[in-house]
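As structure tokens, the structure follows; a few thoughts come after it.
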Amino acid sequence: MGTNHAASYLERVEFDPFAGAPVERVVGTSEAQREVWLADKLGHDASLAFNESVNLRLRGPLDIGALSSALQALIARHEALRSTVGPEGTELLIGDAAAGVDVLLHDLRAESEAARLDALKHAAEQAVETPFDVSTGPLFRAALYRLTDDEHVLMMTAHHIVCDGWSWGVLTDDLGSLYAERLGLAPAPDAPACYGDYVAWELGEAFGPAMREHETFWLRRFAGSTLPVLDLPTDRPRAPVRTFRSRRIDRLLDAELVADVRKLGAKAGISSFATLFSAFAATLHRLTGHDDLVIGVPAAGQSASGMTALVGHCVNLLPVRVAVDPAQPFADFAARSGSVLLDAFEHQTLTYGTLLKKLPIQRDPSRLPLVSVMFNVDQSVSAGAGKFPDLNVDLSANPRHFENFELFVNVAPVAGGYRLECQYNTDLFDAVTIERWLGAYEALLRSAIGNAQQAVGKLGWMSPSEVEALRALQPAATPRDAKPLMQGAYERQCAATPQRVALRCGDQVLSYLELDQRSNRLARTLRARGIGRGDRVGLCIGRGADMLVSLLAVLKAGATYIPLDPGFPEARLAYYAEDARLALLLTEATVSTAPNAWRDDAAQRILVLDRDIGWLGESAEPLPSGDRDAQAEDAAYIIYTSGSTGKPKGVCVPHRAVANFLASMRLAPGITSDDKLAAVTTLSFDIAVLELLLPLSAGAEVVLVPRETAMDGNALRAL
């Protein structure tokens with residue numbers, strides 16, 4: 001059946017329970033309803049985010065007349081289904097219970113199976129994309145499809161302002177009971193509470209003695225001026241104003257896994273909900289790197305109020321704040337998260353909107369305040385089973401095309417296990433991303449089941465096929481030196497091509513042999529001063545040949561060098577020297593910015609290369625190998641960050657990493673012994689390592705460019 005035919009069938013099946021019905025009575029709206037009413041006014045897409053649609057699939061001999069009568073009784077039974085909202089959002093106008101309901105059967109049995117599926121799919125899309133007007137109603141719609149002699153689908157759609165997740169389970173249960181009553185097989189169900197009773201209960205709670213305790217609990221949970229913001233890695237930049245377009249992806253967790261989840265929860269003394277929630281929080285932690293998470297969890301007001309048979313909008317969003325310690329065993333983390341959940345549910349009567357008004361939240365139009373992700377385990381899907389005589393019943397939610405949350409994961413129990421129903425914002429995420437995340441969630445859950453004592457941060461979160469696919473992408477391992485050191489390739493090059501030019505600095509030219517001998521002399525002087533493995537030596541030297549000589553000498557002595565650019569302010573260099581706890585400072589008499597504190601103890605802690613020239617008389621032979629030599633994991637140098645986010649921080653870069661980097665750069669983009677590389681970068685910037693050591697590792701020539709030339713574009717081009 002084509003799309004147009006499906007639309008015509010839908011139009012003929014829909015019914016209007018409000019046709020000609022006067023208002024029966026008026027009650028006040030709940031706090032949560034007023035929040036939905038305001039959000040509904042944000043526009044077309046925002047309004048459609050509140051469309052909730054379900055399919056009730058009935059297999060077996062269905063009495064259409066009895067079902068039609070039961071639907072009419074269902075509307076009369078529940079005030080919310082025949083209500084609209086007043087113009088200010090503060091009043092619920094309840095229509096007359098005597099309004100009739102016409103349900104027309106539209107037979108699709110003559111259509112092919114593919115056409116029937118197409119008709120249902122199109123009808124579901126229409127259901128979630130057809131807006132409700134909360135002021136004029138109706139706020140509940142239904143359509144009935146006959147697929148075969150013994151299979152029917154009742155599609156019901158409601159605005160969230162009159163129906164929540166708990167309500168769908170109640171509606172299914174009640175419809176089954178009313179259907180059985182119409183067949184004379186069961187008594188009529190007891191009358192439910194009125195929605196006005198729930199509003200009165202909520203009002204009593206708001207001004208009751210326990211509310212101060214609830215408020216104190218939540219304010220303590222979110223104490224402080226900085227509140228956590230969950231930043232999921234998006235596939236596209238976040239729009240300046242929040243969008244609502246959404247799609248849903250489902251993933252089935254098999255029955256064996258579900259049974260294991262229950263066992264894991266039982267061992268930890270928590271519910272299956274808490275176990276699933278904890279794994280979800282751990283997955284978000286791995287995706288974002290955040291250890292302070294806020295995850296929305298819906299709480300049914302029907303349960304809290306004791307009005308369990310009530311249909312209406314009674315849900316409250318609980319912003320559950322979870323601290324994730326990646327080193328904590330998952331079993332302990334789950335037990336703690338379970339306790340956090342229990343506390344949140346115990347204090348659920350303070351509404352989300354009321355809490356927001358009391359928190360110092362700076363509103364961001366691009367995202368929801370405080371909560372952007374929601375997690376729920378839906379028990380309504382199993383309700384109603386067995387209530388319909390001689391019928392097998394399945395209740396499933398139709399995917400929405402608009403959603404309030406960036407991510408909403410609903411865990412729906414089904415015959416084959418659990419179905420993960422993930423609504424996601426399509427302006428932020430691609431389908432493949434969400435599929436990968438759901439897979440990561442399942443893999444992490446399985447990993448936790450396999451070893452609940454494993455640290456949260458160590459749990460596996462990739463499937464075996466994904467791990468294998470990643471391994472297949474890796475190139476063959478490249479052999480490296482048995483003792484990879486930053487200066488290792490340079491030293492081998494000195495032995496291979498001693499007479500080639502290694503360094504050109506203005507009129508000064510040094511061959512590989514001359515550079516090596518000069519750095520050996522200085523390295524011996526450093527060793528004579530007690531410098532070796534584990535020591536840190538500062539280099540505060542102008543851009544001349546001895547800058548490179550000093551760098552190589554420190555490495556040969558087994559120590560770590562710290563570049564101190566003479567062009568930096570003296571106070572900044574003094575901070576570097578103090579923070580690095582230098583054992584020695586190498587400088588020149590012409591450098592005026594060398595830290596003063598070091599000048600006061602020159603004999604022990606400073607070597608002025610162009611004044612204390614005794615080092616030039618040392619032996620040019622390499623230092624003998626010994627236990628003071630550097631190892632691959634030792635820091636070759638420490639380089640400081642800019643300090644733009646606070647004080648500069650020293651980053652230790654090990655020999656192994658630099659040797660590996662230089663080896664890979666020799667291959668790609670590559671360098672040959674005939675190349676010359678102009679070194680223009682200050683030693684305090686990390687790229688200087690490549691400019692100086694890469695050419696020397698390949699027999700090429702380093703041209704050391706003076707600062708004045710490097711800062712002058714024309715002069716640099718001429719060079």
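The values are calculated or read from the model by the stated rules, or taken from the named source; none is laboratory data. All values reported here derive from a predicted model rather than from experimental measurement. Cβ atoms come from the backbone with ideal geometry, glycine included; neighbour counts cover every protein chain shown. Note: accessible area is taken over every heavy atom of the protein model, side chains too, but ligands, DNA and RNA are not part of it. Shrake-Rupley method; radii C 1.70, N 1.55, O 1.52, S 1.80 Å.
Key figures
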item: Kirkwood Rh and Cα Rg combined as Rg over Rh, evaluated for the range 275-367; result: 1.02
item: Fraction in percent of alpha-carbon pairs per bin - 5 Å, the range 170-298; result: 2, 7, 8, 9, 12, 13, 15, 17, 10, 4, 3, 1, 0
item: Most to least packed among 232-241, 565-574, 270-279 [average Cβ atoms within 10 Å]; result: 270-279, 565-574, 232-241
item: Principal axis box of the range 331-484, alpha-carbon based, largest edge first, Å; result: 71, 54, 36
item: 39 Å tail of the calculated P(r), the chain, as % of Cα pairs; result: 53 percent
item: Unit charges on C-beta of K, R, D, E only; dipole of the range 125-201, Debye; result: 160 debye
item: Part-to-part distance (alpha-carbon centres) for the range 399-468 and the range 47-79, which is given in Å; result: 32 Å
item: 5 angstrom amide H check on S83, placed H, neighbours 5+ away; result: G95, L139
item: ³J(HN,Hα), Karplus 6.51/-1.76/1.60, whole Hz, each residue of the range 131-141, x for Gly, Pro; result: x, 9, 9, 5, 7, 10, x, x, 9, 9, 10
item: Accessible area per residue in Å² at 1.4 Å probe, computed on the range 80-210; result: 40 Å²
item: Sequence-separation-based contact order of the chain, relative, with Cα cut under 8 Å and 6+ spacing, percent; result: 12 percent
item: Accessible surface of the chain, 1.4 Å probe, proportion on carbon and sulfur as whole %; result: 52 percent
item: Accessible area of the range 226-379 divided out per residue, in Å², using a probe of 1.4 angstrom; result: 41 Å²
item: Distance between modelled label sites at R25 and A115, nm, 7 Å Cα→Cβ extension; result: 5.0 nm
item: Spin-label proximity, A239 to the range 25-39 - amide N less than 19 Å from point 7 Å beyond Cα toward beta carbon; result: 39
item: Evaluated at q = 0.19, 0.24 Å⁻¹: base-10 log I(q)/I(0), Debye formula over Cα of the range 514-576; result: -0.69, -0.97
item: Per-pair calculated FRET efficiency, R0 = 45 Å: S225 and A668 via Cβ, rounded to 0.05; result: 0.40
item: Computed [θ] at 222 nm, deg cm²/dmol, the chain (DSSP H ≥ 4; -39,500 (n - 2.57); rounded to nearest 500); result: -11500 deg cm²/dmol
item: For the range 22-68, average projected area of the Cα convex hull in nm²; result: 6.4 nm²
item: Evaluated at q = 0.15 Å⁻¹: base-10 log I(q)/I(0), Debye formula over Cα of the range 414-474; result: -0.61
item: Farthest toward positive dipole pole in the range 402-529 [+1 Lys/Arg, -1 Asp/Glu at C-beta], among L445, Y418, V456; result: V456
item: Extent along principal axes [Cα atoms of the range 563-719; Å; largest to smallest]; result: 46, 45, 39
item: Gain on full stretching of the segment that runs from A309 to E708 - 0.36 nm per residue minus C-alpha separation; result: 135.4 nm
item: Per-residue ³J(HN,Hα) for the range 39-50, Karplus 6.51 cos²θ - 1.76 cosθ + 1.60, θ = phi - 60°, Hz, x for Gly and Pro; result: 5, 5, 7, 6, x, 4, 5, 4, 5, 5, 5, 9
item: Extension gain, V432 back to L359 (0.36 nm per residue minus Cα-Cα distance, nm); result: 22.7 nm
item: Near-label residues of the range 187-223 by backbone N, under 19 Å of a point 7 Å along Cα→Cβ of E91; result: 195-200
item: Gain on full stretching of the segment that runs from T641 to E215 - 0.36 nm per residue minus C-alpha separation; result: 149.0 nm
item: Spherically averaged projected area of the range 107-193 from its Cα convex hull (nm²); result: 7.5 nm²
item: D_trans [Stokes-Einstein, Kirkwood Rh over alpha-carbon pairs] for the range 423-564, 10 °C, 1.306 mPa s, µm² s⁻¹; result: 78 µm²/s
item: Computed E for A476/I687 - FRET, C-beta separation, R0 35 angstrom, nearest 0.05; result: 0.75
item: Residues with amide H under 5 Å from that of S246, placed H, sequence gap 5 or more; result: F402, E403, T426
